[in-house]
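The values are calculated or read from the model by the stated rules, or taken from the named source; none is laboratory data. Predicted model, so just to flag it, every value in this text is computed and none were measured. Quick reminder, even Gly has a Cβ in these numbers, built from the backbone with ideal geometry, and neighbours come from all protein chains shown. Ligands, DNA and RNA are excluded from the accessible area calculation, which covers all protein heavy atoms including side chains. Shrake-Rupley method; radii C 1.70, N 1.55, O 1.52, S 1.80 Å.
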Amino acid sequence: MISLENVSLKFEEEKGIVHILNDISITFEPGKLYVITGPNGGGKTSVAKVMMGIHNPSSGKIILDDQDITSCSISERAFKGVRYAFQNPPRFKGIDVKWFLKLANEAITEADISLILKKIGLCPEEYLERTVDAGLSGGEMKRMEIASVLLSKAKVAILDEPEAGVDLWGFEQLLNLIIQSHHKAIKRTTIIISHSEKFLKAADEIIVVANGKIQVRGNYAEIHPLIQEGINCRWRKVCLEEEKEDEIKCGR
Ligand SMILES: Nc1ncnc2c1ncn2[C@@H]1O[C@H](COP(=O)(O)OP(=O)(O)O)[C@@H](O)[C@H]1O
Ligand SMILES: [Mg+2]
């Protein structure tokens, strides 16, 4: 179980303080599949990054199984079972695919690695010895990153827009794999940041994050109609000159 307690995040920039997350409190329970959705720039990746320790919250706490992990480093959190597949995965010079995936879980065999590569739509013969650097395309790296989180013994697996950059040919297969992996490891908390209808439908709970806040939570039937309305109106970031027009259109 992982919780955010009154988490805020702000950055100091030349133009002044930028508020990214504003007083977010939420508990993600074991065995549940959550989808965080919302407009671009709403704060979804920032929520993942404060959970993973990539950003330190300006205030508030992150609690993992009753333990305050707010001051823990990224690697300490990974060791405790929090794993994050980046929206834009970093590359690693000098590490091959086999090594990269073994880092996720030392106990896995080469046969396991070959199997997961097949499942993510990459041919083992072609990829096992490849280096996880800029030589891999964005979509290939994305698949690799997802495989690494799925192979790990993560208690909490956070996948940031896993469908982004993945071609249509492997799209359905990848989404199914993520959903199935969650249900097999039923005690895992899976948090998927996504706009995909398939994930939204599979979720136990959908959380809409916009303007640095949780706007609404619920199941697909409850949230789907609100998303259609929200994207066009109240949750979309608007420029000042647009704001008046939007207020009229959305009845705010
Ligand atoms: N390091 C940073 N410095 C300043 N602003 C940032 C930084 N990281 C993210 N932001 C801003 O925070 C907001 C939320 O970003 P993000 O969490 O990536 O949104 P989302 O994932 O929902 O698209 C955006 O306006 C983004 O530009
Ligand atoms: Mg994002």
Would you mind classifying the range 35-152 by shape? Square roots of the alpha carbon gyration tensor eigenvalues, ordered a ≥ b ≥ c; an a/c under 1.5 is rounded, otherwise it is prolate if a/b is larger than b/c and oblate if not. prolate
Taking 0.36 nm per intervening residue step and subtracting the Cα-Cα distance, what contour gain separates Phe92 from Thr109 on full extension? 4.0 nm
Rounded, prolate or oblate (a/c below 1.5 giving rounded, otherwise prolate when a/b exceeds b/c) for the range 20-90 by Cα gyration tensor: rounded
Using a 1.4 angstrom probe on heavy atoms only, work out the carbon and sulfur share of the accessible area of the range 122-235 in %. 55
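Under the rule a/c < 1.5 gives rounded, and otherwise a/b versus b/c splits prolate from oblate, where does the chain land using the Cα gyration tensor? Working shown, then result.
Values: a/c = 1.75, a/b = 1.52, b/c = 1.15.
Verdict is prolate for the chain.
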Distance in nm between Asp133 and Trp99 label points, each 7 Å along Cα→Cβ, equals 1.1
Looking at the chain, send over the antiparallel percent of its DSSP beta bridges, to the nearest 5. 55
Rough spin-label spacing in nm, given labels placed 7 Å along Cα→Cβ, for Lys201 and Arg217: 2.5
Average the reciprocal distances over every distinct pair of alpha-carbons in the range 122-167, invert the result, and give the Kirkwood radius in Å. 11.6
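Set the Förster radius R0 to 35 Å, insert the Cβ-Cβ distance between Asn6 and Glu125 as r into 1/(1 + (r/R0)^6), and round the FRET efficiency to 0.05. Could the numbers behind the result be given before it?
Details: r = 51 Å, r/R0 = 1.45.
The value I calculate is 0.10.
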For the chain, set up a Gaussian network in which alpha carbons nearer than 10 Å are linked by springs, and say which option among Lys93, Lys32, Lys187 fluctuates the most. Lys93
What number comes out for accessible area per residue over the range 2-220 if the probe is 1.4 Å? Units Å², please. 47
Testing the spin-label approximation: label points 7 Å from Cα along Cα→Cβ at Leu226 and Ile74. State their distance in nm. 3.3
